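J.: Sending over a structure as structure tokens; questions will come in a sec.
The values are calculated or read from the model by the stated rules, or taken from the named source; none is laboratory data. These numbers were taken from a predicted model, which means no experiment stands behind them. Note that each Cβ is placed from the backbone with ideal geometry, even for glycine, and that neighbours are counted across all protein chains shown.
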Amino acid sequence: MWDKTMVIMLLEGIRDTCYMTLASTFFGYVLGLPLGILLTLTDKGGLAPNKSLYRILDIIINIARSVPFLILLIVVMPLTKLLVGQSYGSTATVVPLTLAAAPLIGRMVESSLKEVNAGVIEAAVSMGARKRTIVWKVLIGEARTSLLVGAAIVLGTVLGYSAMAGVVGGGGLGDIAIRYGYYRYETGVMLVTLVFIIAIVQIMQGIGSYAAKKLDHRNS
Amino acid sequence: MSLLEIRHLHKAYGDKTILKDFDLTVEKGDVVVVIGPSGCGKSTFLRCINALEEIQGGEVLIDGEPIRRSAKNISSMRQKVGMVFQSYDLFPHKTILENILLAPLKVQKRNRSEAEAEAMELLERVGLADRRDDFPRQLSGGQKQRVAIVRALIMHPEILLLDEITAALDPEMVREVLDVVMSLAKAGSTMMIVTHEMAFAKAIATRVLFLEKGEIVEESCDAKAFFEHPKTKRAERFLKSFEY
């Protein structure tokens, strides 16, 4: 069973899994970062408190986060088809993955930004800094280690979701694991893909933690 | 026109009144020391001056112009009022130099080399020029507070508000910070200082305000006289509490 085509398939699986994970996380942040910033600003005690806007965003995120990924995958298929032209394959999987990642990222960003010491923010306010400056230079600048740790967690979660997309032909390692391990009872192949998935998660988590530690100037 | 004018300032948290019908005028060069028991509204009072607190009545005028939280010119108004806090509140992920340069570069849009030259000059003055590339965690409390003072000074504020800036410091570091403040006073800076360092207050003040329960109980333009022979019983009792 370990012929050349199998090796190539596994390598392509790794490539597709990394592609789906990174692309979805990237687009997830494109949506989720502004969401997290907006949540932080509009919450009570934030720089621009707005009770109703916060409440609306809060509810939307909670709803989005309570939809199981497998169901989201199927529900958004029409949208996926519209955007990508097909509903299977790794590029198609990026659409539901992004939609699953964005609310999670919004929450992670919100919690990271809220860790920034209120006194430091107030110091910036007292200097006449405008909200834009405070968001980019103070909130994001000072929360960066926490944001990076959050990003590593998000990557791991998105990778896990991407494997789930294998059930509907989503491509990548999860797809291979399901096709061979579940439908063909080739446990060996499934275990190998599993090892690869674990390795990728480890590497991503490692890079995230290392970067966060490197950028942390709070403690020695 | 006075540098700072406070008229009928009223501040409350819910039903709880913190400052009632507060009036004060500060002229250029004044060093106003605000003292009083904790919870008397001293810090809140300072925070109202650059609109960190919402006020429920009255107004605060700087150069005759009102400072209001929701006003369009709030950024430029706040730049006239420098503030130093008890907990330093330096940006932990920025170097000392970056801490100082954030506001001049991003708020005042000044030229980097010019602002940096001034930052170094000010750091030199407080004896910390060699720490420019360190991070706040590498500095002692007293050093951090001196940096915080520099960070406020580089904005060229018309008035400097110091909110219990030595309260969180170890005793041996209080001196180095107070020396810096004293030299600023001698150079003619206008300041409002909330402090519990009575000997320092006596030495630096051109005016003293004694606050209790959100009201000015005693006001004096002669610091020495106030600290030695306060006119009111309440001020006398308060000053006594610092003696053993």
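J.: Looking only at the stretch B:136-163, which residues are surrounded by fewer than 21 Cβ atoms within 10 Å (Cβ to Cβ), assigned to a loop (DSSP other than H, G, I, E, B) and within 14 Å of chain A (Cβ to nearest Cβ)?
T.: Within the stretch B:136-163, B:139, B:156, B:158 qualify.
J.: Quickly run through the stretch B:2-23 and pick out the residues that are of a type in the set (Gly, Ala, Ser) and touching a Ser or Thr at 6+ places or on another chain (Cβ under 8 Å).
T.: Passing the criteria: only B:2.
J.: So which helices (runs of 4 or more DSSP H) are wholly in the stretch A:135-216 and hold at least 3 residues that are surrounded by fewer than 20 Cβ atoms within 10 Å (Cβ to Cβ) and either at pLDDT 90 or above or away from chain B (no Cβ under 14 Å) (or both)?
T.: Counting at least 3 such residues, we get A:144-164, A:187-215.
J.: Check A:113, A:53 and return the single one that is within 14 Å of chain B (Cβ to nearest Cβ), out of contact with any Phe, Trp or Tyr (no Cβ under 7 Å at 6 or more places or on another chain), modelled with pLDDT of 95 or more and part of a helix (DSSP H, G or I).
T.: So the residue among A:113, A:53 that is within 14 Å of chain B (Cβ to nearest Cβ), out of contact with any Phe, Trp or Tyr (no Cβ under 7 Å at 6 or more places or on another chain), modelled with pLDDT of 95 or more and part of a helix (DSSP H, G or I) is A:113.
J.: For the stretch B:207-230, indicate whether the set of residues that are under 24 Å from residue B:44 (Cβ atoms), among the basic types (Lys, Arg) and outside any loop (DSSP other than H, G, I, E, B) is non-empty.
T.: Yes, the stretch B:207-230 contains at least one residue that is under 24 Å from residue B:44 (Cβ atoms), among the basic types (Lys, Arg) and outside any loop (DSSP other than H, G, I, E, B).
J.: Now, a different point. So is residue A:73 of a type in the set (A, V, I, L, M, F, W, C), buried (at least 18 other Cβ atoms within 10 Å of the Cβ) and within 22 Å of residue A:200 (Cβ to Cβ) or not?
T.: yes
J.: Out of the stretch A:80-109, which residues are closer than 16 Å to residue A:147 by Cβ and among the hydrophobic types (A, V, I, L, M, F, W, C)?
T.: A:101, A:102, A:104, A:105, A:108, A:109
J.: Out of the stretch B:111-130, which residues are within 14 Å of chain A (Cβ to nearest Cβ) and modelled with pLDDT under 95?
T.: Listed by number, the list is empty, since nothing qualifies.
J.: Evaluate the following for residue A:16: is it more than 21 Å from residue A:201 (Cβ to Cβ) and either in contact with an Asp or Glu (Cβ under 6 Å, 6 or more places away or on another chain) or not hydroxyl-bearing (Ser, Thr, Tyr) (or both)?
T.: The answer is no for residue A:16.
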